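This report refers to the structure that appears directly beneath it.
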Amino acid sequence: MESNIEAVEKRLWTAADQLRANSDFASNEYFLPVMGLIFLRHAYSRYLAVKPEIESGLPSRGGVTRALTKEDFTSRGAIFLQPEAQFDHLAGLPDGADRAAAVIAAMEAVEGDYAALKGVLPKTEYQQLENEVLGEVLRIFNDPALQSAKGDVFGRIYEYFLTQFADQSAHDGGEFFTPPSIVQMIVNAIEPDHGAVLDPACGSGGMFVQSAHFIEKMKQDPTKVATFYGQEKNATTIRLAKMNLAVHGLEGRIEPGITYHVDAHELVGKADFVMANPPFNVDEVDAEKIRKDPRLPFGLPGVNKAKKVSNGNYLWISYFYSYLSEAGRAGFVMSSQASSAGGEEAKVRQKLIQTGHVDAMISIRGNFFYTRTVPCELWMFDKAKAAEHADKVLMLDARQVFRKVTRKVFDFSPEQLQNLASIFWLYRGQDDRFRALVDGYLNRTAAEAVDSLSLQPDFAAALEAVLEGLEDDAGLTEAAALFKADWSAFTARAKGQAAGDLDIAALHARHDALEPLAEQSRDLIKQIDQLFKLADKAHREGGGKRGRASPVRALEIARLDLVDQLKQVRYFHRHAHWLLSRFPEARLVAVVGLVKLVDRAEIAAEDWSLTPGRYVGVAPEEEDEDLDFEGVMRDIHIELAGLNEDSAALAVQIQSNFEGLGL
């Protein structure tokens, strides 16, 4: 399903691009009407997902069932939609219908039911689109592949579109969007599970959405236990944020204002959680206008001769601290320059550290953002951290933890996010959560091995079909016999695994018991790939072709399915190994190149620097005993695809330049 949804995302994005190509919209104008359509489609997807459950529980009197209400849907994280606002109605309009008018009516119907969206949704923009083009886009956005999709698929697609627009800098330089990996890391570290959640630079509202997801995982209703407060300088981005919240069944109090000059919610000392990704390194903020701001408890950072604050980073840092309640936590993104900045900024940082409320620092490598290639750091405050940590800061260098998405963009895998979060669990004495995570990885290792057993018969049958058509099998029969014997051993070991206790000694024992299974899965993958190469070679040398009906083609499909499944066995075992090898006693210890709990005296000796790399050291280079050749090739293909895209774009630009010169 993962690859199918990726294909759908790209198909929808291509369709959206038709709006720009067939309209008078500039590249920075068409994103809002596109997001409006995605909003309607996502809202309809959520509507359909919860409607049966709501209807089954509706009371009836005298044989008459109560009608559906807005409240029924809000309590389940969805939007109630009038018939004219439902996406199948829009997608099914005949060619003669005025589609722009219908989309506008749909938007107005939603705004009529939800006061928070009044004037937020795009409407008049659709009048600039050709009726036929709008109809085609509506039909594509109603892709049949999405009708049976489970989970928050359209939430993911909504996020994908935000990502694409950020990558294009189609709005506000892309600053409106914080990559989900970064947001999830902050959420995992500070765990915003109740009360007032504030983002004074809220962009498209991603911090609120991820906080709500976290609360839902805790089996709580975010609309009942948390209130989201946001402030944003860009009016269009505010609309985007309100739409983002609405499609997730959330509401937020998002107000306009430049945070340097406006405190829209007056939450100084009242916020339970503060989360943000503010603009980095903003200069020339008027010092005289903000000198008496109560949100600057440590005073102004550096002021130049023109009475301007030369860098706004520590203004933001002070704001975030000042908003926190007595037990509040904060997590925010900041330029990596800030943690070791000198001058007056260093004095502010020293005062901040001396409060004892700086909880943790995380270094993130470059290329995590779509519009910035520079590295960044995540800062964490906790005004109620454990007494034994009062004069300490957790330094975590995560620059070597990443997954390559494209040539230009990296992120964290879900497992990497969990592993980094588990370091915070150990820091807070929650070793039970750490052990449960390891146990989950070990259980997945065994389960993935068992699941692979059902795929092997298809591969064996496809291999036999190739053998039947060969006069000379070029050693394929002997290789197949060896694979069969090795697979039998793997099967016996996979079926012989059992769950164990959660104490750390038992987890180590299970890890060791599963290691041969993980290694076997790797060896079997090599055998499967070799069998396919032999089969393909023998088939071609025998005069065979590689059409769709070819037995080799069937073997290739079966091979890919089996190999992908077998890879999961070692994948989850390696994550269990990553945790157990670094924290063997399920207690926080210093790990060179990764993490160290640093006391205040050591920080003072380093000029009050909060850069993790200064303290954790450099990890020794690990020998790669098992080079992931396919992984390396995948990265090369990603690199090549990105270069090809850049080359094509450059060629178009050059051609355009020549035409402009009349050449």
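The values are calculated or read from the model by the stated rules, or taken from the named source; none is laboratory data. For clarity, every value in this text was computed on a predicted model and none was experimentally measured. Every residue, glycine as well, gets a Cβ built from its backbone with ideal geometry; the counts of neighbours run over all protein chains shown. SASA here: full protein model, heavy atoms, side chains in, ligands and nucleic acids out. Shrake-Rupley method; radii C 1.70, N 1.55, O 1.52, S 1.80 Å.
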Counted residues, region 487-503 - those being in contact (Cβ under 8 Å) with a residue 12 or more places away in the chain, more than 16 Å from residue 576 (Cβ to Cβ) and open to solvent by less than 70 Å² (accessible area, probe 1.4 Å): 5
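Yes/no per residue for (1) at pLDDT 95 or above; (2) part of a helix (DSSP H, G or I); (3) more than 30 Å from residue 426 (Cα to Cα):
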site	(1), (2), (3)
500	no, no, no
505	yes, yes, no
510	yes, yes, no
514	yes, yes, no
520	yes, yes, yes
525	yes, yes, yes
545	no, no, yes
554	no, yes, yes
589	yes, no, no
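Take residue 230 and decide whether it is touching a helix residue (DSSP H, G or I) at 6+ places or on another chain (Cβ under 7 Å), without any contact (Cβ under 8 Å) to a residue 60 or more places away in the chain and on the phi > 0 side of the Ramachandran plot. Let's see the steps before the verdict.
Details: touching a helix residue (DSSP H, G or I) at 6+ places or on another chain (Cβ under 7 Å): yes; without any contact (Cβ under 8 Å) to a residue 60 or more places away in the chain: yes; on the phi > 0 side of the Ramachandran plot: no.
Taking the combined requirement at face value, the residue does not satisfy it.
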Extreme residue, farthest from the chain's Cα centre (by Cα), among residues of region 53-75 that are of a type in the set (A, V, I, L, M) and not in a loop (DSSP other than H, G, I, E, B): 64
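Which of the residues that make up region 375-411 are exposed (fewer than 15 other Cβ atoms within 10 Å of the Cβ) and within 30 Å of residue 604 (Cα to Cα)?
The initial filter retains those residues of region 375-411 that are exposed (fewer than 15 other Cβ atoms within 10 Å of the Cβ), namely 384, 386-388, 390-391, 400, 403.
Residues satisfying the conditions are 384, 386, 387, 388, 390, 391, 400.
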Filtered residue count, region 133-149, keeping only those that are open to solvent by less than 40 Å² (accessible area, probe 1.4 Å) and at pLDDT 65 or above: 9
Residue in region 451-470 that is under 27 Å from residue 180 (Cβ atoms) and open to solvent by 50 Å² or more (accessible area, probe 1.4 Å) present: no
Top-ranked residue in region 520-545 [being more than 39 Å from the chain's Cα centre (by Cα) and open to solvent by 30 Å² or more (accessible area, probe 1.4 Å); ranked as nearest to residue 453 (Cα to Cα)]: 534
Pairs, first touching a residue at least 24 places away in the same chain (Cβ under 8 Å) in region 557-577, second of a type in the set (Phe, Trp, Tyr) and buried (at least 20 other Cβ atoms within 10 Å of the Cβ), C-beta under 6 Å, six or more apart: 558/459; 559/532; 562/459; 572/441; 575/441; 576/441
Scan of region 76-87 for residues that are open to solvent by less than 30 Å² (accessible area, probe 1.4 Å) and assigned to a helix (DSSP H, G or I), ordered by number: 85, 87
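I'd like to check something: does region 246-269 contain any residue that is within 29 Å of residue 354 (Cβ to Cβ), aliphatic (A, V, I, L, M) and either open to solvent by 10 Å² or more (accessible area, probe 1.4 Å) or at pLDDT below 95 (or both)? Reasoning before the result, please.
So the first thing to find is which residues in region 246-269 are within 29 Å of residue 354 (Cβ to Cβ), and the list is 259-261, 263, 265-269.
Then keep just the ones that are aliphatic (A, V, I, L, M); that gives 267-268.
After this cut, where a residue has to be either open to solvent by 10 Å² or more (accessible area, probe 1.4 Å) or at pLDDT below 95 (or both) as well, the list is 267-268.
Yes, there is a match, as at least one residue in region 246-269 is within 29 Å of residue 354 (Cβ to Cβ), aliphatic (A, V, I, L, M) and either open to solvent by 10 Å² or more (accessible area, probe 1.4 Å) or at pLDDT below 95 (or both).
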Selection from region 280-298 of residues that are out of contact with any strand residue (DSSP E or B) (no Cβ under 6 Å at 6 or more places or on another chain), over 18 Å from residue 325 (Cα atoms) and open to solvent by less than 30 Å² (accessible area, probe 1.4 Å): 290
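Consider residue 120 carefully, then state whether it is assigned to a helix (DSSP H, G or I) and of a type in the set (Val, Ile, Thr). Please lay out each step first, then the result.
On the way: assigned to a helix (DSSP H, G or I): no; of a type in the set (Val, Ile, Thr): yes.
Against the criterion (assigned to a helix (DSSP H, G or I) and of a type in the set (Val, Ile, Thr)), residue 120 does not qualify.
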Criterion (open to solvent by less than 30 Å² (accessible area, probe 1.4 Å), in a helix (DSSP H, G or I) and either of a type in the set (Ser, Thr, Tyr) or closer than 30 Å to residue 387 by Cα (or both)) met by exactly one of 426, 442: 426
Residue ranges of helices (runs of 4 or more DSSP H) in region 201-319 with at least 2 members of a type outside the set (S, T, N, Q) and over 30 Å from the mean Cα position of the chain (by Cα): 287-290
